[in-house]
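Student: This is the structure I have questions about; it appears just below.
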Amino acid sequence: HVPDDARTLVLVPALVSGEARAKALADGFEALGALDEDDNVEYLLLCDFADAPERETPSDEALVALLRARVAEMNRRMGRQKYHYLQRERRYAGADNLWRGHERKRGAVKALNQLLLTGDDSQFTPERADAGRLYERAFRYVVTLDADTRALPDDIRRLIGTIHHPLNRVRIEDGARKGYALIAPRVEQGCAPNRFARLMAGDGGISSYSVAASNLLMDISDWGAFCGKGVYDVRAFHNAVAKLPDNAILSHDLIEGLLAGAGLASDIAVYDDFPKTPSGYLRRLERWTRGDWQLVRFKKNPANAGQV
């Protein structure tokens with residue numbers, strides 16, 4: 001059981017680009033939390049619209065109505081308000097001359113942290129009632145997962161227990177910062193959905209017998225790498241990463257992990273889907289490559305991240 005002072009929100013940030021995507025997101029979101037019966041663990045689907053030349057498009061309202069109805073039905077089946085849905089509006093991005101969710105995923109997480117800490121719901125105008133309830137629940141931790149990430153309830157509780165342990169909590173001792181604002185699990189491949197995925201990455205699945213290993217470098221240095229999946233202390237994480245400037249960060253996960261101080265829980269695993277098509281694989285590779293080139297100019301030593 002997760003105690004009241006460790007109340008946790010499981011966050012799935014996602015881009016909703018059409019009706020088929022919205023339905024797939026809702027199905028995966030409900031499946032993620034279906035087996036979790038802990039009253040102090042709740043789930044949030046936090047969506048951005050696809051980029052557009054205008055602030056609103058004709059399909060926006062229908063997508064919001066669909067997701068709102070699906071999440072309400074999930075809660076009726078559970079008999080309590082366990083699932084939540086927030087939708088951000090687009091803002092104008094002058095550098096690209098289009099409208100999008102401000103700062104994309106990094107901006108969505110930042111806006112959520114501001115909501116949880118201060119009640120600021122300015123980026124969630126369509127869903128202010130649910131936003132207000134999230135603020136009132138006083139969540140201490142957030143477990144953030146991608147839309148295609150699979151995690152078992154016991155692994156989520158183990159992540160919460162790891163960051164809530166007194167030796168892992170962020171604190172000041174002898175003038176130095178100790179502990180972690182963020183703890184990342186080991187990320188493995190989920191079951192391969194087709195032949196292309198099996199050819200590129202193997203069968204995958206929840207049995208990690210052949211691939212389970214600790215990361216020697218991270219164990220020696222007492223630091224981990226954040227790749228978008230993990231549990232974080234809302235206040236400590238927000239205080240560490242809020243300094244990042246807008247319109248300057250492309251690949252944000254590793255930098256956030258350095259600033260916040262990320263630990264690695266190599267004995268806890270979550271599972272990511274491999275791209276199903278060559279085009280999907282190449283698009284992901286392009287995003288990762290652009291992010292890696294951006295990090296070349298970031299010269300901080302990961303072992304000194306706690307000094308930032």
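The values are calculated or read from the model by the stated rules, or taken from the named source; none is laboratory data. Computed from a predicted model, the values in this text were never measured in an experiment. So basically every Cβ, Gly included, is an ideal-geometry build from the backbone, and we count neighbours across all protein chains shown. Just so you know, the surface numbers come from the protein's heavy atoms only, side chains and all, with ligands and any DNA or RNA stripped out. Shrake-Rupley method; radii C 1.70, N 1.55, O 1.52, S 1.80 Å.
Student: Right, D203: open to solvent by 50 Å² or more (accessible area, probe 1.4 Å), in contact with a strand residue (DSSP E or B) (Cβ under 9 Å, 6 or more places away or on another chain), at pLDDT 75 or above and at negative phi or not? Before the answer, list the steps.
Tutor: Working: open to solvent by 50 Å² or more (accessible area, probe 1.4 Å): yes; in contact with a strand residue (DSSP E or B) (Cβ under 9 Å, 6 or more places away or on another chain): yes; at pLDDT 75 or above: no; at negative phi: yes.
It is false that D203 is open to solvent by 50 Å² or more (accessible area, probe 1.4 Å), in contact with a strand residue (DSSP E or B) (Cβ under 9 Å, 6 or more places away or on another chain), at pLDDT 75 or above and at negative phi.
Student: State whether the residues of region 232-242 include one that is assigned to a loop (DSSP other than H, G, I, E, B), modelled with pLDDT of 80 or more and open to solvent by 30 Å² or more (accessible area, probe 1.4 Å). Write out each step before concluding.
Tutor: The initial filter retains those residues of region 232-242 that are assigned to a loop (DSSP other than H, G, I, E, B), namely 242.
Now restrict to residues that are modelled with pLDDT of 80 or more: 242.
Imposing the further condition that a residue be open to solvent by 30 Å² or more (accessible area, probe 1.4 Å) reduces the set to 242.
Yes, because at least one residue in region 232-242 is assigned to a loop (DSSP other than H, G, I, E, B), modelled with pLDDT of 80 or more and open to solvent by 30 Å² or more (accessible area, probe 1.4 Å).
Student: Right, E54: in a helix (DSSP H, G or I), open to solvent by 40 Å² or more (accessible area, probe 1.4 Å) and farther than 29 Å from D155 by Cα or not?
Tutor: no
Student: Among (1) in contact with a Gly (Cβ under 6 Å, 6 or more places away or on another chain); (2) not in a strand (DSSP E or B), where does D48 come up short?
Tutor: So D48 meets the others, but not (2).
Student: Out of all the residues in region 129-149, is one or more over 20 Å from V41 (Cβ atoms), without any contact (Cβ under 8 Å) to a residue 40 or more places away in the chain and open to solvent by 40 Å² or more (accessible area, probe 1.4 Å)?
Tutor: yes
Student: Is it true that some residue in region 87-108 is open to solvent by less than 30 Å² (accessible area, probe 1.4 Å), part of a helix (DSSP H, G or I), of a type outside the set (S, T, Y) and under 19 Å from D38 (Cα atoms)?
Tutor: For region 87-108, residues open to solvent by less than 30 Å² (accessible area, probe 1.4 Å), part of a helix (DSSP H, G or I), of a type outside the set (S, T, Y) and under 19 Å from D38 (Cα atoms): absent.
Student: A further question follows. Out of the residues in region 152-177 that are at pLDDT below 90 and of a type in the set (A, V, I, L, M, F, W, C), which is least open to solvent (accessible area, probe 1.4 Å)?
Tutor: The selected residue is A176.
Student: Still on this model: For N75, only one of the following conditions fails: (1) outside any strand (DSSP E or B); (2) closer than 19 Å to A22 by Cα; (3) touching a helix residue (DSSP H, G or I) at 6+ places or on another chain (Cβ under 9 Å); (4) open to solvent by less than 40 Å² (accessible area, probe 1.4 Å). What is its number?
Tutor: (3)
Student: Next question, about the same structure. Just to be sure I understand, how many residues within region 246-292 are of a type in the set (D, E, K, R), in a loop (DSSP other than H, G, I, E, B) and either farther than 20 Å from R186 by Cβ or open to solvent by 60 Å² or more (accessible area, probe 1.4 Å) (or both)? Before you say what the answer is, go through the steps one by one.
Tutor: From region 246-292, those of a type in the set (D, E, K, R) are 246, 253, 256, 267, 272-273, 276, 283-284, 286-287, 290, 292; that's our starting set.
Those still in the list that are in a loop (DSSP other than H, G, I, E, B) too: 246, 273, 276.
Filter once more, keeping what is either farther than 20 Å from R186 by Cβ or open to solvent by 60 Å² or more (accessible area, probe 1.4 Å) (or both): 246, 276.
Within region 246-292, residues that are of a type in the set (D, E, K, R), in a loop (DSSP other than H, G, I, E, B) and either farther than 20 Å from R186 by Cβ or open to solvent by 60 Å² or more (accessible area, probe 1.4 Å) (or both) number 2.
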